[in-house]
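Visitor: One structure follows; several queries about it will come next.
Nothing in this text is a laboratory measurement; each read-out follows from the coordinates by a stated rule. Remember, it's a predicted structure, so these values are computed and weren't measured experimentally. Cβ coordinates were reconstructed from backbone atoms using ideal geometry, including for glycine residues, and neighbour counts include every protein chain displayed.
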Amino acid sequence: MKLRPLPASRLFWTGAAAFAVAMLLPLYASGYVLGLLTVAYYTAVFAMSWDLLFGFAGEVNFGPTFLIGVGAYTAGILDARLSPGISIYLCILAGAAAAVVAGVALALPALRVSGPYFGLTTLVAVLMLQNFIIVAADLTGGEIGLAVPDVITIDASANYWIAFCFMTVSGAILFGLSRSPIGLILQASGQDKVQAGALGFNVTKHKLVAFIVSAFFSGLAGALMVFYMGTASVGSFVDISVGVQIIIAAVLGGRRTVIGAAMGAVFLIGMGELLRPLGELATLIVSVIALCVILYFPDGFVGMLRGGARA
Amino acid sequence: MTQGMSAPILEVTNLTKRYGGLVAVKNLSFSIAPGEILGLIGPNGSGKSTAMKSIMGVERPSAGSIKLDGVELAGLPSHQIARKGVGLVFQHSRPLARQTVLENIKVALLPDKLTHLFADKDTDGKARAIAARVGLAGVLDRKPATLAFADLRRLELAKAVARHPKLVLVDEPFAGLTASEVADFSQLIREFRVEGRAVLLVDHNVKSVSALVDRVLAMYLGEWIAEGAAADVMRDETVRRVYLGGALVSTARAESLFSDRTPVLQVENVGVCYGKARALQDVSLHVHEGEFVSLVGLNGAGKTTLFNAISGLMAYSGEIKWAGRPLRPGSPAQIARSGIVQCPETRELFGEMSVRENLDLGGNALGGEECARQLNWLFDLFPILKARQSQMARTLSGGEQQMLAIARALMMKPKLLILDEPTLGLAPVILETLSRALDRLRETTKITLLLGEQNVTFALPHADRVYVLDHARIVWEGPPDRFEAEAAANYL
C-alpha cells in the first residue's frame, strides 16, 4: 500500500510529459502530423464519452457512432442548407443538442432492458441511422457523403489547437464528473444496481444523465469534426467499424479512467498511420497489439502505468 | 424484550408474490414493532427471501399491502422505499473496488441528487463515525479486496445504517462468520433494537437467530406456518414436520455389517475457502462400499462444496481417498472414470437434446451391448423415461428431469453415486418415486450412495448413516434413528 504514490506519480509525469509534447508540437511538426492529431483528439473525446457510459454506468453502448453521427450530420446538414445565413457555431451547438435529444430518445427505452439487450438496442440504432442517411440521400448526401460549405479554419495549426483545447476541456469535465458524487453513484449503479436502489439511488435517472452527458460530448465532437474535415460521410462518422475503433481505444487505454480512453484513441490513430506503409498488414498489427493489451493488461495503458498490479 | 404494546412500524398484510405459475409467497401477514427483532425463517425455497425483497421493492409484490408507519410501500421502486426508511444488509455484494472502505461508506451517505457535484463537508465525519460503530475504524483506507470476509459484511452493515433506516432487513446475518464474529454482529444488531429500529432477520433455521430475536415467523412453501417465541416455534408440530419429517421407519444397516475394513471413500480434514469465506472446515467422513450415507445440512452448509471437492472440481486442503488411494491430483474426468459420479443439484441436463440422447451420452464409455442392458435396467427403474425417450429434456417436468439426471449418472455405472439435493423444488408425489428408486438401488445393487439433502424427511429413510453439516463443519454423525433425539435441535 505504501508504494502507491510512486506509480501514481509515474502516471502523473507521463501525463505531464504528453501534455508538454502536445503543446510544443505545432512549433515543429508538419501540417500532416497536426492534421492526424486533430482527428485523434476528436476521437479521444468520442472514446472518453463512451468510457463514462461503459466504465462508470456499466452500460455497453455499441452505438457511440449513433450519437456522433446525429451530431455531425445535424450540424453538417444545417450548414449545407442554410449557409451562409447561419453561423457554423450555431450549427455545432445544434449538432450537440440533436445528439442529446437522440440520445434520450434511445436511452429511455434502451435503459428499460438490461445486460446485453441494452447493447443490442444501441447497435440497432446505428444501423437505422446508417440506413436513413443512405435512403435520404437528398438531405444527407447518401453514400457519397455530405459536402459542407464552411470550415472553421483551414489553418492546420489553428485546427490542432481547437481540437486540443476541446479535448482538454471535455476530458477535464468528464474526469471531474467521474470523480464527483455522481460518478460514485454511477459506479455503484453499474456494479450492483439492486444494492444502489436499496441505498436510495434512482439508478435509471443516473444512468440517463450519464447517457445525456455522453451524447452531448459525442455530438459536439462529431459536429466540430465535420467543420474540420469539410465533409460528413457514413464511413467516417457512423459506420460500425468507427464505433468499434472507439470502443477498442477506450478499453485499450483503461476502462473506468476517462484519461485512458484519450490515450488509447491517440495511440490507435497514431499507430495506424505509422504503419500505413505496410498496407493491409498495418490493421492486423494494430489489432494484435490491442488484443495483447486487453488480454494481459485488462486495466489498459493506465493500468500499466500504475504498475500493472490491480489495487 | 418484546415491546408488544407499541404500535407496529411495519405491517405486511396478505403479501403475495407470483412468478408466472409459481407462487413464491402466499398471503403472508406479519408486523414488527419499533425496537423489535423478528426472525423470518424457512428452508430453501420457502419464500422468505422473496418476502424480504418484496418489502425492499427489489421484487414487485403481486398482491397485498406493505405499510411502513402507515405509508403504503407496495409497488414503489426500491430507491423510494429506501428513502422512506427501509435499509437492506445484503449477504453478497460488490463494493466499489477502486475506492477505499471510507469512500464506500461515503457513497451510501450521498443524496440522490444530480446537482450534487461536491460531497458535503460533514460527510467525512459521518462516514468515520459509522465505520467506528461497526468496527471498521482500523481499515478505513484499505480497498475492499484486501478486507477479511467479516469486514466486508461490516461494510454492508455500515452502508445500510448510513441512511438511518427505521426498518433494517438483514439477509442471513451470520453466514460464513466465526463464533466470535457472530457475537460481534449480534451486538451490532442489538444496538438497532436499543435505537428503536425494527429489524427483520432472514435465515434458514431458528437456531441460528434464536439468541437474538424477540419473535420468529416460520415459512414453508411460501406460506406462514408458525409464529411466536423462538422456543415455541422450535416446539411447533408443523415446524418440526417441515424440518424433521414425521415418524421415521428406519431400515438402516449397522456400520459393522460392511465387510471392508478400510472405507471405500475417506474424507480427511478437508477444508475449502471461497476467497475469504470458509466453505468447509476440517471435514472428515467416510463411506463403506455399498453403504448409503446421507449428508444433511441446510442451504449454504457446504454440502455441494464437499461434493465438488470429491469430484475434483475444487481445490481443497486435507486428503480425500478413494479405495485407499488419494484422489489428488486426478482431473475431474479421471475421478469420474474411477467410479465416482456426481449428480449435481442443478442437474446439468442437455436441455436441447432428447431424453435418449442425454442417456446415451451418459453411457458413452460403455460398449453397445452393455449400454443397451444398462438402458433397459434404467427404464425399468424409471418407466416414465422410457415413455419420454424422444422428448427434449428441457420440456420435462421438474421431477422427470431429476429422474433423468439420476439415470444419466447411473448410465456411467458408478461405484459411488453422489446425489446432491435431488428433492429440491419437487412435489411430494415425485419424492415417493425417487424414494422407491433409491430403495431398489439399495436392495438390488452394490452401489454406494452419498446423498446430500436439506430435506431430512427424504434423507433419513435412505441412510445407513447420517452426517450433519452445519456452517462448514460436521457437527453430528450417527444412525438415522438417533437423529431426532440428538441432532434435531441443531437443525431446527
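Visitor: Within 10 Å of each Cβ in B:160-167, how many Cβ atoms from other chains are there, averaged over the peptide? Intermediate values should be presented prior to the final figure.
Guide: On the way: counts 3, 0, 2, 3, 0, 2, 0, 0.
Per residue, the number of nearby Cβ atoms from other chains is 1 on average.
Visitor: Taking beta carbons within 10 Å but only from partner chains, what does the mean come to for residues A:187-193? Please report the intermediate quantities before stating the final value.
Guide: Numbers: counts 5, 9, 0, 2, 5, 6, 2.
Per residue, the average neighbour count from other chains is 4.
Visitor: Net charge within 14 Å of B:Ser208 by Cβ-Cβ distance, Lys/Arg positive one each and Asp/Glu negative one each, not counting B:Ser208 itself? Intermediate results must be reported in sequence, preceding the final value.
Guide: Working: positive: B:Lys48, B:Lys207, B:Arg473; negative: B:Asp171, B:Glu172, B:Glu181, B:Asp203, B:Asp470.
Charge balance in the 14 Å sphere: -2.
Visitor: Okay, next question. Identify all aspartates and glutamates with a Cα-Cα distance to B:Lys159 below 15 Å; exclude those on the same chain that are fewer than 8 residues away in sequence.
Guide: Cα-Cα hits under 15 Å: A:Asp192, B:Glu103, B:Asp112, B:Asp124, B:Asp151, B:Asp171.
Visitor: Moving on. In terms of modelled amide H atoms, which long-range or inter-chain residues lie less than 5 Å from the amide H of B:Leu265?
Guide: It is B:Val287, B:Ala323, by chain and number.
Visitor: Hey, what did segment A:45-154 get for relative contact order, percent, Cα under 8 Å, at least 6 apart? Walk me through the numbers before you get to the answer.
Guide: Numbers: 109 pairs, mean separation 35.8, N = 110.
This gives 33 percent for segment A:45-154.
Visitor: Right, another one. Rounded to the nearest whole Å³, what is the per residue volume of the convex hull around the Cα atoms of the protein assembly as shown? Walk me through the intermediate numbers first.
Guide: Values: hull volume 162.8 nm³, N = 803.
Expressed per residue, the convex hull around the Cα atoms of the protein assembly as shown is 203 Å³.
Visitor: Still on this structure: Using θ = phi - 60° and the Karplus curve 6.51 cos²θ - 1.76 cosθ + 1.60, what whole-Hz ³J(HN,Hα) does each residue of segment B:201-214 get, with Gly and Pro shown as x?
Guide: With the stated coefficients, segment B:201-214 comes to 9, 10, 8, 6, 9, 5, 3, 5, 10, 4, 6, 9, 8, 8 Hz.
Visitor: Then there's this: Among the DSSP beta bridges whose two residues both lie in segment B:10-244, what percent are antiparallel, rounded to the nearest 5?
Guide: Working: 19 of 37 bridges.
Percent antiparallel among DSSP bridges in segment B:10-244 is about 50.
Visitor: List every residue whose amide H lies under 5 Å from the amide H of B:Leu40, counting only residues 5 or more places away in sequence or on a different chain, with H placed 1.01 Å from N in the peptide plane.
Guide: B:Leu201, B:Val202, B:Asp203, B:Leu217
Visitor: Counting only other residues whose beta carbon sits under 12 Å from that of A:Tyr228, what net charge do I get with K and R as +1, D and E as -1?
Guide: Working: positive: none; negative: A:Asp150, A:Asp155.
For residues surrounding A:Tyr228, the net value is -2.
Visitor: State the antiparallel share, in %, of DSSP beta bridges confined to the protein assembly as shown, rounding to the nearest 5.
Guide: Numbers: 41 of 77 bridges.
If I count the DSSP bridges inside the protein assembly as shown, around 55 percent turn out antiparallel.
Visitor: Evaluate the charge dipole of chain A about its Cα centre and quote only its size in Debye, nearest 20, assuming +1 on the Cβ of each Lys and Arg and -1 on the Cβ of each Asp and Glu.
Guide: Working: 14 positive and 12 negative charges, 255 e Å.
Rounded to the nearest 20 debye, it is 1220 debye.
Visitor: Taking chain A as a Gaussian network, where each spring joins two C-alpha atoms under 10 Å apart, which residue of A:Trp50, A:Trp161, A:Trp13 fluctuates the most?
Guide: Highest fluctuation of the listed residues: A:Trp13.
Visitor: Also: Please report the base-10 log of the normalised intensity I(q)/I(0) for segment B:256-491, using a Debye sum with one equal scatterer per alpha carbon and no solvent, at each q in 0.12 (1/Å).
Guide: -0.66
Visitor: Here's something else I'd like to know. List the relative contact order of chain B as a percent without decimals, with contacts defined as Cα pairs under 8 Å and 6+ residues apart. The partial results should precede the final answer.
Guide: Numbers: 972 pairs, mean separation 78.2, N = 492.
Relative contact order comes out at 16 percent.
Visitor: Also: So what J values fall out for segment B:139-146 if you push phi through Karplus, 6.51 cos²θ - 1.76 cosθ + 1.60 with θ = phi - 60°, rounded to Hz, Gly and Pro as x?
Guide: 10, 3, 9, 8, 7, x, 4, 9
Visitor: Shifting gears a bit: Tally the DSSP beta bridges in chain B and give the antiparallel ones as a percent, rounded to 5.
Guide: Among the beta bridges of chain B, antiparallel pairing accounts for roughly 50 percent.
Visitor: With charges set only on the Cβ (+1 for Lys and Arg, -1 for Asp and Glu), what does the dipole of the protein assembly as shown come to about its Cα centre, in debye to the nearest 20?
Guide: Details: 71 positive and 66 negative charges, 201 e Å.
That gives a dipole near 960 debye.
Visitor: Considering amide H positions built from the backbone, and no H for Pro or chain starts, which residues 5 or more places from B:Ala279, or on another chain, come under 5 Å of its amide H?
Guide: Answer set, sorted by chain and number: B:Val272, B:Cys273, B:Tyr274.
Visitor: Averaging sequence separations of C-alpha pairs under 8 Å and six or more residues apart, then dividing by the length of segment B:256-491, give the relative contact order as a whole percent.
Guide: Numbers: 433 pairs, mean separation 66.7, N = 236.
Rounded, it is 28 percent for segment B:256-491.
Visitor: ³J(HN,Hα) across segment A:61-72 via Karplus (A = 6.51, B = -1.76, C = 1.60, θ = phi - 60°), whole Hz, x for Gly/Pro?
Guide: Calculated HN-Hα couplings, in order: 8, 7, x, x, 6, 5, 5, 4, x, 4, x, 5 Hz.
Visitor: Now, a different point. Only four residue types carry charge here, +1 at the Cβ of Lys and Arg and -1 at the Cβ of Asp and Glu. Report the dipole size of segment B:10-244 about the Cα centre in Debye, rounded to the nearest 20.
Guide: 500
Visitor: Continuing with this model, one more query. Quick check on my link table: of B:Lys386/B:Lys413; A:Lys205/B:Lys48; A:Lys193/B:Lys303; A:Lys193/B:Lys67, which ones sit more than 26 Å apart, alpha carbon to alpha carbon? Write down the numbers at each step before the final one.
Guide: Numbers: B:Lys386/B:Lys413 19 Å; A:Lys205/B:Lys48 30 Å; A:Lys193/B:Lys303 30 Å; A:Lys193/B:Lys67 24 Å.
Distance filter (> 26 Å) returns A:Lys205/B:Lys48; A:Lys193/B:Lys303.
Visitor: Within 10 Å, count the other beta carbons around each residue, average over each peptide in A:234-243, B:413-422, and list them highest first.
Guide: Working: A:234-243: 19.0, B:413-422: 22.3.
So the order, starting with the most tightly packed, is B:413-422, A:234-243.
Visitor: Hey, another quick one. Would you work out which of B:Leu313, B:Leu109, B:Ala459 lies farthest towards the positive end of the dipole of chain B? Charges go on Cβ: Lys and Arg +1, Asp and Glu -1.
Guide: Final value for the positive-end residue is B:Leu109.
Visitor: Where the centre of each part is set by its Cα atoms, how far does segment B:151-171 sit from segment B:412-476, in angstrom?
Guide: 39
Visitor: In peptide B:76-89, how many Cβ atoms from other protein chains are near each Cβ within 10 Å, on average?
Guide: Details: counts 0, 4, 11, 11, 3, 3, 7, 4, 1, 1, 2, 3, 5, 1.
Per residue, the average neighbour count from other chains is 4.
Visitor: If packing is taken as the average count of other Cβ atoms within 10 Å, what order do A:18-30, A:198-210 fall into, highest mean first? Walk me through the numbers on the way to the answer.
Guide: Numbers: A:18-30: 12.1, A:198-210: 23.0.
The densest-packed peptide leads the list: A:198-210, A:18-30.
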